[in-house]
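The values are calculated or read from the model by the stated rules, or taken from the named source; none is laboratory data. These numbers come from a predicted model, not from an experiment. Glycine also receives a Cβ, built like all others from the backbone with ideal geometry; neighbour counts cover every protein chain displayed. Calculation scope for accessible area: heavy atoms of the full protein, side chains included, ligands and nucleic acids excluded. Shrake-Rupley method; radii C 1.70, N 1.55, O 1.52, S 1.80 Å.
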Amino acid sequence: MFSIARTNFAARLSCAALSRSISVILLSVVLAAHAFAQQSPTSHTGPITPLSELLAEAEKNNPQIEAARQGWQAAKQVPTQVSTLPDPQFNLQHVSVGSPRPFAGYTNSDFAYLGLGVSQDIPYPGKLRLKGEIAKREADVSQQQIETLRLAVLAEVKVSYFQLAYL
């Protein structure tokens with residue numbers, strides 16, 4: 001009789017534990033379903049910024065576009081720099097014979113002298129003009145790169161705007 005009562009008690013205990021675990025599982029499933037359920041879309045209460053304003057702001061304040069614009073401004077100055085003659089060079093030459101002291105030997109040697117010179121590089125005719133044209137074309141290329149970069153930034157803004165509007 002003792003063994004039957006013990007078996008009955010163990011069966012009731014396992015049934016209670018089983019029903020408790022089932023209720024815990026059901027409760028966790030309900031909570032998880034509530035947590036992962038999609039919320040209804042909330043209405044946007046603030047004013048909606050038009051796309052044209054965002055595009056103007058991006059074009060005005062984007063650091064990449066501004067850096068490219070500064071590079072183009074610098075490239076526009078290069079043609080005048082490369083199409084001018086190089087700077088003249090002035091030189092002073094001192095040659096003394098005999099003593100290593102400065103200015104020694106001028107009075108007693110015919111080979112000691114002090115010389116002053118000026119030199120100017122003169123390129124082949126037409127070379128400076130061609131260098132200027134090349135630099136001008138490179139400035140035009142950098143201007144086109146600005147336009148390409150500007151269009152890419154505006155496209156990114158549009159994609160982000162429409163993705164946000166979709167969401």
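Points worth noting:
- Probe 1.4 Å - accessible area at VAL118, Å² to nearest ten: 100 Å²
- Listed residues LEU149, LEU164 arranged by accessible area, highest first, probe 1.4 Å: LEU164, LEU149
- Subtracting the Cα-Cα distance of ARG69 and THR84 from their residue separation scaled by 0.36 nm leaves 2.9 nm.
- Distance in nm between pseudo-label sites at TYR124 and GLU59 (7 Å out along the Cβ direction from Cα): 4.6 nm
- For the stretch 43-167, the extents of the C-alpha atoms along the principal axes are 103, 37, 17 Å, listed from largest to smallest.
- Take the Cα radius of gyration of the stretch 110-167 and divide it by 2.2 N^0.38 Å, N being the number of residues; the result is 2.65.
- ILE122 accessible area, assembled protein chains, probe 1.4 Å, Å²: 130 Å²
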